[in-house]
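S.K.: Can you read through this structure? Questions will come right after.
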Amino acid sequence: METALQKQYKKEVMPFFKKEFGYDNPMAIPQIVKVVVNVGVGRRTEEEQKQIVRDLQLIVGQVVAPRPAKKSIATFKTRQGQIIGYASTLRGQRMYDFLERVIFVALPRTRDFRGIKNSAIDGSGNLTIGVPEHIVFPEMVGEDAKLIFGFEITIVTSARSKEEAMALFTQLGFPFKRIDPQK
């Protein structure tokens, strides 16, 4: 079953890229490859870490993998092998379902949200968004949340440049900050 985002990609984005960027082969048109959701837990207690894992698994819809520290750093009081975060990679249908919730539900519910900065897209065409509070997602009930945490979403594309990625994301409906020409 196709999501609204997949339908929009086929009906609007593909013809746009064929016209504006001159793509002949539909397989060469930039697309979203995967979404990586990443949360750092720092030195939280084991109970808090379990709560973060539970909530993040509800949000992404699949199991999250622990991320151990690669080396010991005395300043941060971390030891090699100590769990310092959790991550999950989404592809296919789960990825599109998650992106729809991010674009149309979570980001608009974020406090003081005025749009994604254009600088959030790197030179390779990947977009990284920080979500300051996990309770903006519809799976979370704000009253039940004892612990509020933020996480990072990285959207990896097959775009060859920042301009192509920006066009892809704007055509898909990502809410970017408007650049005011009067300033």
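S.K.: Spot the failing condition for Ile73; the list is (1) at pLDDT below 90; (2) touching a helix residue (DSSP H, G or I) at 6+ places or on another chain (Cβ under 9 Å); (3) of a type in the set (A, V, I, L, M); (4) within 27 Å of Ile148 (Cα to Cα), and only one is missed.
M.R.: (2)
S.K.: Does Phe104 satisfy being part of a loop (DSSP other than H, G, I, E, B) and not charged (D, E, K, R)? Outline the logic, then answer.
M.R.: Numbers: part of a loop (DSSP other than H, G, I, E, B): no; not charged (D, E, K, R): yes.
For Phe104, the condition - part of a loop (DSSP other than H, G, I, E, B) and not charged (D, E, K, R) - is not met.
S.K.: Could you pull out the residue among Lys146, Lys117 that is among the charged types (D, E, K, R), loosely packed, with under 12 Cβ neighbours inside 10 Å and at pLDDT below 85?
M.R.: Result of the check over Lys146, Lys117: Lys146.
S.K.: Now for a different question. Only one of Gly42, Gly22, Gly85, Gly81 is at pLDDT 90 or above and small (Gly, Ala, Ser). Can you tell me which? Steps first, answer last, please.
M.R.: On the way: Gly42 fails: at pLDDT 90 or above; Gly22 fails: at pLDDT 90 or above; Gly81 fails: at pLDDT 90 or above.
Answer to the check: Gly85.
S.K.: Which of the residues spanning region 1-38 are closer than 30 Å to Ile84 by Cα and in contact with a Lys or Arg (Cβ under 9 Å, 6 or more places away or on another chain)?
M.R.: Of the residues in region 1-38, the ones closer than 30 Å to Ile84 by Cα are 32-38.
Result: Val33, Lys34, Val35, Asn38.
S.K.: Mind counting the residues in region 34-53 that are exposed (fewer than 12 other Cβ atoms within 10 Å of the Cβ) and either without any contact (Cβ under 8 Å) to a residue 12 or more places away in the chain or in contact with a Phe, Trp or Tyr (Cβ under 7 Å, 6 or more places away or on another chain) (or both)?
M.R.: 4
S.K.: Which condition breaks for Gln31 when tested against (1) under 22 Å from the mean Cα position of the chain (by Cα); (2) modelled with pLDDT under 90; (3) of a type outside the set (Gly, Ala, Ser)?
M.R.: (2)
S.K.: Can you find even one residue in region 70-78 that is under 23 Å from the mean Cα position of the chain (by Cα) and assigned to a loop (DSSP other than H, G, I, E, B)? It would help to see each step written out before you state the result.
M.R.: Kept after step one, since they are under 23 Å from the mean Cα position of the chain (by Cα), are these residues of region 70-78: none.
There is no residue in region 70-78 that is under 23 Å from the mean Cα position of the chain (by Cα) and assigned to a loop (DSSP other than H, G, I, E, B).
S.K.: Which of the residues belonging to region 22-33 are part of a strand (DSSP E or B) and surrounded by 19 or more Cβ atoms within 10 Å (Cβ to Cβ)?
M.R.: Narrowing region 22-33 to residues part of a strand (DSSP E or B): 32-33.
Across region 22-33, the qualifying residue is only Ile32.
The values are calculated or read from the model by the stated rules, or taken from the named source; none is laboratory data. Bear in mind that the values here come from a model prediction, so they are computed numbers and not experimental data. Backbone-built Cβ (ideal geometry, glycine too); neighbour counts: all protein chains shown.
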